[in-house]
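First comes the structure, then the notes that go with it.
The values are calculated or read from the model by the stated rules, or taken from the named source; none is laboratory data. Note that the structure is a prediction, hence the values are computed from the model and not measured. As a convention, Cβ positions derive from the backbone with ideal geometry for all residues, glycine included, and neighbour counts pool all protein chains shown. SASA here: full protein model, heavy atoms, side chains in, ligands and nucleic acids out. Shrake-Rupley method; radii C 1.70, N 1.55, O 1.52, S 1.80 Å.
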Amino acid sequence: MAGNSQRRNRRTSNKKGATIGSGGQRRKGLEGKGPTPPAAARKGHKKNRVANAQARQVQRRPVVRRGGKGQSEMVVGRNPVFEALRDGVPATTLYVQQFIDNDERVREALNLATGRGNIHIMEAPRPELDRMTNGLNHQGLVLQVPPYEYAFPEDLATAAYDNHDEPLIVALDGITDPRNLGAVVRSVSAFGGHGVVVPERRAAGMTAGAWKTSAGTAARTPVARATNLTRCLEAYQKAGLTVVGLAADGDHEVHELEELGGPVVIVVGSEGKGLSRLVGETCDFLVRIPMPGGAESLNAGVAAGVVLYEAARRRMG
């Protein structure tokens, strides 16, 4: 009996009893911790890793916007540099060859650059100017033209509406001569338009030649650049603008179209090919300019000027 009692005591003495002063920690351990979070929020779960990777990819994705800057440009030669400065072409630096013959054109260019007050004048040895111009005949004068700051197409209509005006915009399709672009900018400014839209690729941009042809109006008439002209025109339509294309076989003559008195985008194609197929199909109306003299077509600057005059006449009436 004594032996059995000792064995029972050993078994009972090995049992773990309650810990004094536990403060109810065991009860708290049994309490729930709220609903289980979704798999994508649980650290280490496959769906959580996928979600984090997608978030990092979105952060790395570049923001694509239309417009932006063009490319810088060099104007070379004594007469071209003088004319660019005289006609108000933006410039940052005038490079003058060391020991240059100080003829009348050089003096006039230096005076114009000095009078601007914001053009740096720098002397450079002839080999340096040769390198900068890739061996062109610079005649000792090189003018640095900064990249043009293009507007965004949607901003042209927004600015007009903010000013309580009906937007009047010209879009160019297939115009590759900068002088034509400059002439259109000049016409838009003359008839109270709100800007010009050009495609980003295979189209004339705001070069020094376009600035010169615009006769200074490019400083107050914005030019916007569209990644895709057709989608740009569709966006204008959604914003309430009528898209009117110029075509030799248009259904309406320009003086007949009442819509020119409202918010409108006038689309001008190249003198030879006219409007591209997709752009022509996007237009709400195709109009023609009657030409009793028998000419087959007009260049872009003249054609745009005729339609802009009709639009301005209707708005003034």
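Principal axis extents for the range 67-124, Cα atoms only, whole Å, descending order, please.
42, 22, 20
What does the C-alpha gyration tensor say about the overall shape of the range 77-232? Classify as rounded when a/c is under 1.5, otherwise prolate if a/b is larger than b/c, or oblate.
The shape class here is prolate.
What FRET efficiency would be calculated for the residue pair ARG201, TYR309, taking the C-beta separation as r and a Förster radius of 22 Å, to the nearest 0.05?
After rounding, the FRET efficiency stands at 0.10.
Can you tell me which of 77-89, 96-108 comes out highest on packing, and rank the rest after it, using the mean Cβ neighbours within 10 Å?
Result, highest mean first: 77-89, 96-108.
Mind checking the per residue accessible area of the range 241-317 for me, 1.4 Å probe, whole number of Å²?
Normalised by residue count, the accessible surface of the range 241-317 is 50 Å².
So for the range 194-278, taking the charge dipole from beta-carbon charges (+1 Lys/Arg, -1 Asp/Glu), which of SER276, ASN228, HIS255 sits furthest toward the positive end?
The residue sitting farthest along the positive end of the dipole is ASN228.
Could you check the spin-label model distance between ASN137 and ALA235? Points 7 Å from the Cα along Cα→Cβ, value in nm.
Between ASN137 and ALA235, the label points sit 4.5 nm apart.
Considering only protein heavy atoms and a 1.4 Å probe, what is the carbon-and-sulfur percentage of the accessible area of the range 75-214?
47
Carbon and sulfur atoms: what percent of the 1.4 Å accessible area of the range 216-317 do they account for?
Carbon and sulfur together cover 49 percent of it.
In square angstrom, what is the accessible area per residue of the range 184-233 with a 1.4 angstrom probe?
Per residue, the range 184-233 has an accessible area of 38 Å².
Quick one: grab the alpha carbon gyration tensor of the range 166-245, order the square roots of its eigenvalues as a ≥ b ≥ c, and give me rounded if a/c is under 1.5, else prolate or oblate depending on whether a/b is larger than b/c.
oblate
Could you give me the ³J(HN,Hα) list for the range 102-119, computed from phi with Karplus coefficients 6.51, -1.76, 1.60 and θ = phi - 60°, whole Hz, x at Gly and Pro?
Karplus-based 3J(HN,Hα) across the range 102-119 equals 7, 8, 4, 5, 4, 4, 5, 4, 5, 5, 5, 5, 5, x, 5, x, 10, 10 Hz.
Could you calculate the contour length gain from GLU154 to THR176, that is, 0.36 nm times the residue separation minus the distance between their Cα atoms, to one decimal place in nm?
Computed gain between GLU154 and THR176 is 5.7 nm.
Note down, for the range 186-317, the three equivalent ellipsoid semi-axes (square root of 5 times each alpha carbon gyration tensor eigenvalue), biggest first, whole angstrom.
21, 18, 17
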